[in-house]
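Here the structure is laid out as structure tokens; the discussion comes afterwards.
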Amino acid sequence: MSFVKHPRFKRGGSPIPWGISLRRRRIEMTAMYFEYYTVSDVQCVVLQINPTSAFALKAFGVQLPIPNFSLSLRPFNKSTMQFEHIIGQQEVKERLITSYKGGRLAHTQLFLGPEGSGALPLAIAFAQFVNCKQPTETDSCGVCPSCKKFQKLAHPDLHFYFPTTTTDAVKKDPKSELMLTEWRTYLSKNQGYATQNSWYDFLGVGNKQGTIYVRDAADIIGKMTLKAYEANFKVIVVWMVEKLHESASNKLLKTLEEPPDNTLILLVAERFELLLPTVRSRAQLVKVPKLTEPDVLQWLTGQDVDSAMAQSIAHQANGNLNAAIDMQGSADEAQSNFILLRQWLRLCFKPGNFVPLHQFNQEMAKLGRERQKSFLKCALESVHNSLSINNGNIQWVKSAGEELTFAQNFAPYINKANHLEIYKMINQAIYHIERNAHAGILFTDLSFQLVDLMDAGRKYVNSTR
Ligand SMILES: [Zn+2]
């Protein structure tokens, strides 16, 4: 498969290389489908498929089981944490660059910014900048050997410390160095916009909270005694300093006070009041304000979010990019649930030959469990909406636009003859998915039951005419 160049697919001013053969893989994620492609082992892109239009599909020759999708492309798996890729924060960037050029570089700095402000990517961009072999006036070059290693988050002089806890893989004595692979993947995925919750989710540790342990402090001190391999500055990034265990911070005091030459310790935190005073007093403060609403809006617009939705999300996000990303994700999910549900109901209403329905079941089975449940919950809500409409209580229906029109057209067929059975059937399916039922069998069974139930609903409509 090869790509056709399309001017729409650009981001951050750096076009993705086109016309290269791609190795194709499919993974399950929270949105409908993400397909991601490795290009010559160097750059990866992800196709985020939004169920809005089908026009781009043909251009790409991508076969999808479900029609009416559009594609948007964005760079993936390569962290682009240069200053130019970081949203907003112009003043902070300028201050950092000026301090470096003016030779007033503090060796221990505290990047303090609320969740979703970009304090961590700013710290990483700064580390890349001071180590770049040929920086411009305003940014690192992005192409020198040092920058390339930074972009893989794998420069030998770049060290990360962050909260950890026991996981399936690390059953005791957790510490940052044991989870570096996970950390790099996580950071690349989020372009550095890390949050505690999403990090713990990524590790799959449920409600457990992480700590930066005294073991990590010992590792940091160990790193200090080594000479930098190749960088101008050896960089230690400590994310979520709030989670530094007291014993760890005691161990680090002397290091924070007086790091060795050519070492930069970049502490990143969200809440000043939770930091130990001994740590606060030893670092130069770099205040990172929350993002502005126009900054968030501009970012959303660049993500192909439609303008009314983007404005609403930007407003609600209150300067927190991570909140905006979450809201965008749920909006995408709600939209794709609707598209799937409409297709499913149509297929079950007029099954004709069963091949499309069979294909539908197979595709549903490939989605993750959480997505399957979210789809079925959307189906339950739709049954509820139909009943409200039938009972003349349309004001209870939260849908609007084409969703509402669809609900109104379908409502008569969800009636006395079938609605209780449909409820029961979907609730049971959710119950079985939670208990690891075989998804292929489950959706096949569900679809055949629904074919019968829709038939009963239609007969009831005909009998009352
Ligand atoms: Zn460079």
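Points worth noting:
- Any hit, region 108-116, residues being in contact with a strand residue (DSSP E or B) (Cβ under 8 Å, 6 or more places away or on another chain), away from the ligand (no atom under 16 Å from the Cβ) and among the aromatic types (Phe, Trp, Tyr): yes
- When residues in region 388-402 are screened for being over 12 Å from Gly457 (Cβ atoms) and assigned to a helix (DSSP H, G or I), 7 of them pass.
- Conditions (1) more than 16 Å from the ligand (Cβ to nearest atom); (2) surrounded by fewer than 23 Cβ atoms within 10 Å (Cβ to Cβ); (3) without any contact (Cβ under 8 Å) to a residue 40 or more places away in the chain: number failed by Ala217: (2)
- Region 403-445, residues that are closer than 21 Å to Ala334 by Cβ, free of Cβ contacts under 8 Å to residues at least 60 places away in the same chain and either not in a helix (DSSP H, G or I) or not β-branched (Val, Ile, Thr) (or both): Leu404, Ala407, Gln408, Asn409, Ala411, Ile414, Tyr423, Asn427, Ala429
- Test result for Leu187, within 16 Å of the ligand (Cβ to nearest atom), within 23 Å of the chain's Cα centre (by Cα), assigned by TED's automatic domain parsing to the domain that holds Leu274 and touching a residue at least 12 places away in the same chain (Cβ under 8 Å): no
- Exclusive hit being assigned by TED's automatic domain parsing to the domain that holds Met179 and in contact with a strand residue (DSSP E or B) (Cβ under 8 Å, 6 or more places away or on another chain), set Gly206, Gly222, Gly210, Gly192: Gly210
- Residue check, Ala169 farther than 15 Å from Leu266 by Cα and aliphatic (A, V, I, L, M): yes
- Tally of residues being part of a loop (DSSP other than H, G, I, E, B), of a type in the set (Val, Ile, Thr) and more than 13 Å from the ligand (Cβ to nearest atom) across region 139-166: 2
The values are calculated or read from the model by the stated rules, or taken from the named source; none is laboratory data. The structure presented is a predicted model; accordingly, all values stated were derived computationally and were not measured. Backbone-built Cβ (ideal geometry, glycine too); neighbour counts: all protein chains shown.
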